[in-house]
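Colleague: Have a look at this one before I ask anything.
Rule-based calculations on the coordinates, nothing more; no lab input. Just so it is clear, the model here is predicted, and its values are computed rather than measured. We place every Cβ from the backbone using ideal geometry, glycine too, and count neighbours over all the protein chains shown.
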Amino acid sequence: MTVTLRHIGAGEIALCHAIYLDAIHNGTAPHYSAEERAAWAPLGPVPAGWADRLTEGAITWLAEGDGPEGFATLRGAYLDFLYVRPDARATGAAGLLYEAALGHARVAGHCRMTTHASHLARRFLARRGWQVVAPETVMRNGVAIQRFEMALDLS
């Protein structure tokens, strides 16, 4: 199967939200409890502000193979989203999305990329040279969730 990337269209915010929910609720289960996943990504309609987060001052790519497989959003030099459906992990979609964001950050002249990564994303990014700046605990809907501030030197 061939995976291709393209920029999202205006009508694909709900599609990205569905990928996000699938990736969190089904893909991070080995790393986060059901309570943590529910607080992180409440099931339901697309939250207010989601469209702006994916489009205003950001670039969002969609990976497609047999169907929509994942998406990534870059806001300046900040990797805001990188989510892939659990059943698409072996397709190369995450790597393609990551390379698109990395390439764009380099072309834009950024010297350093940053993100806040889950346990799962931390492993993916660490294999690509990212360093943990600091572990963090954030509150989401009254539940403490561990994540990692990470950075990559682009120089």
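Colleague: What are the ³J(HN,Hα) couplings of the range 15-31, residue after residue, when phi is run through the Karplus curve with 6.51, -1.76, 1.60 and θ = phi - 60°? Round to Hz, x for glycine and proline.
Modeller: Values, residue by residue: 5, 4, 5, 5, 5, 4, 4, 4, 4, 7, 5, 10, x, 9, 3, x, 10 Hz.
Colleague: For the chain, build the charge dipole from Cβ charges (+1 Lys, Arg; -1 Asp, Glu) around the Cα centre, then report which of ALA117, PRO135, TYR78 sits farthest towards its positive end.
Modeller: PRO135
Colleague: Further question on the same structure: Give the residue from ILE8, ALA93, ILE59 lying farthest towards the positive end of the charge dipole for the range 4-111; charges sit on Cβ (+1 for Lys and Arg, -1 for Asp and Glu) and the dipole is referred to the Cα centre.
Modeller: Going by the charge dipole, the pick is ILE59.
Colleague: Follow-up question, since we're still on this one. Quick one: 3J(HN,Hα) in Hz for the range 35-42, Karplus 6.51/-1.76/1.60 with θ = phi - 60°, rounded, Gly and Pro as x.
Modeller: Result, rounded to whole Hz: 5, 5, 5, 5, 6, 5, 9, x.
Colleague: Still on this model: Explain nothing, just the number: dipole magnitude of the chain about its Cα centre with +1 on each Lys and Arg Cβ and -1 on each Asp and Glu Cβ, in debye rounded to the nearest 20.
Modeller: Using only the charged Cβ atoms, the result is roughly 380 debye.
Colleague: How large is the helix-only mean residue ellipticity at 222 nm for the chain, computed as the sum of -39500 (n - 2.57) over DSSP H runs with n ≥ 4, divided by its residue count, in deg cm²/dmol to the nearest 500?
Modeller: -8500 deg cm²/dmol, from helical runs alone.
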